[in-house]
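Novice: Got a structure here, written out as structure tokens. Questions coming.
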Amino acid sequence: MWGKKIKPMRKVAVVAAASRQEEKMLDNEVEMMVPLITEVRTKTGLDQTDIGFTCSGSSDFLAGQAFSFVMTLDAVGPVPPIAESHVEMDGAWAFYETWVKFQMGVIDTALVYSYGKPSPGSLQDVLSTQLDPYYIAPLWPDAHAVAGLQARTLLEQGIITVDQLADCAVRAGTVESREEYFSQPMLSDPLRKADCPTYADGGVAMILAVEGKAEELCEKPAWITGIDHRIDAHHFGVRDLTAVPSARLAAEKAGVHDGPIDIAELHAAYTTQDLLLRKEIGLPETPNHSQRSYSIKADTLMASGLLRIAEAARGIWDVQANRALAHATAGPLLQQNLVCVLSGESN
């Protein structure tokens, strides 16, 4: 191995994206994804024979049936046969797997998509099944109750204030003013309704391409200049709920601090998580309108993270930003975190 040259990383860009979110969709998952996949193909002029790899993210548990993602492949098309993979995770992790596939040098284009449909049941109760099966899950705390534990810890240690929660809720659009925020009843003390997510059905699809191909498919590709994901301990008893070291490390490895961030898209389901992520990643505590966290207003399990990447890419395409950050999370209380940095320039 001595003297062997290391190949440089291949430059990969997001060249098209389409998304949809609604509080409750009558469409099934296939009907939801068909127009989105069709839209990104139309934008790039590609058909399935031109796409080297397809990767999706979803939850069989949420869909209520094993191998539900196989059914959704009907939205891609059964012919011709495709090279395909699936992650039982938010689509942001399908995005990461696809990026690794590009680095292997075996593909030049790829389709990534994910979707979630929480409306048929109570998502905040279902999420209890991801907790520790011996000590916590048998107590059946819903997602709001668990988030309330973290919020109480943050407030009592003085890491965040109630006024900061109110300001964050106004930024997220769950209330129009601080007065409206403080008039709301507690949903899971100390969290009010405006601090907690509203759930939405939805999906997102995007096409990625390697340098040389990306410029042919998109006028201004959104180049992936850094991406990394990390994980914290699963059991609450061995975690510091006032810190998210996995988010901090992922941001460092992705090169967030190598230059100014014009747009930040955070996958934060609660106002407390939004404030905590900004602290760990190193974003302004009182951000401008482009440092947003829309997942509080509409959270789609298995798609919100990939949607944050899509929105960051749109900021590049619309020339609102030259450098954008996208964040995705999975697991209870920000257990797993992925950070992606996109740029309007390939170098």
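Novice: Hey, among T174, T225, T242, T153, which residue is polar (S, T, N, Q), under 30 Å from V319 (Cα atoms) and either modelled with pLDDT of 95 or more or assigned by TED's automatic domain parsing to the domain that holds G57 (or both)?
Specialist: T225
Novice: Is it the case, given these coordinates, that L325 is of a type outside the set (F, W, Y) and assigned to a strand (DSSP E or B)?
Specialist: So L325 fits the description; yes.
Novice: Right, here's the next one. Being under 17 Å from S188 (Cα atoms) and of a type outside the set (A, V, I, L, M, F, W, C) is the filter here, so list the residues in the range 125-141 that pass it.
Specialist: Hits for the range 125-141 are D125, S128, P141.
Novice: A further question follows. If you take just the helices (runs of 4 or more DSSP H) that sit entirely in the range 169-265, which of them hold at least 1 residues that are basic (K, R)?
Specialist: 178-182, 245-253
Novice: Sticking with this structure for a sec: With respect to the numbered conditions (1) assigned by TED's automatic domain parsing to the domain that holds D27; (2) aliphatic (A, V, I, L, M); (3) assigned to a helix (DSSP H, G or I), which one is the sole condition not fulfilled by A166?
Specialist: Status for A166: all satisfied but (1).
Novice: Within the range 12-23, track down each residue that is in contact with a strand residue (DSSP E or B) (Cβ under 6 Å, 6 or more places away or on another chain) and either surrounded by fewer than 20 Cβ atoms within 10 Å (Cβ to Cβ) or within 14 Å of G202 (Cβ to Cβ) (or both).
Specialist: A17, A18, S19, R20, Q21, E22
Novice: Which condition does L277 not pass, out of (1) touching a Phe, Trp or Tyr at 6+ places or on another chain (Cβ under 6 Å); (2) surrounded by 24 or more Cβ atoms within 10 Å (Cβ to Cβ), if it passes all the others?
Specialist: Going through (1) touching a Phe, Trp or Tyr at 6+ places or on another chain (Cβ under 6 Å); (2) surrounded by 24 or more Cβ atoms within 10 Å (Cβ to Cβ) one by one, L277 breaks only (1).
Novice: In the range 319-338, which residue that is farther than 17 Å from I224 by Cα and of a type outside the set (S, T, N, Q) is nearest to the chain's Cα centre (by Cα)?
Specialist: Taking the candidates together, the pick is A330.
The values are calculated or read from the model by the stated rules, or taken from the named source; none is laboratory data. All of these numbers come straight from a predicted model, not from anything done at the bench. With ideal geometry, Cβ positions are generated from the backbone for all residues, glycine too; neighbour counts draw on all protein chains shown.
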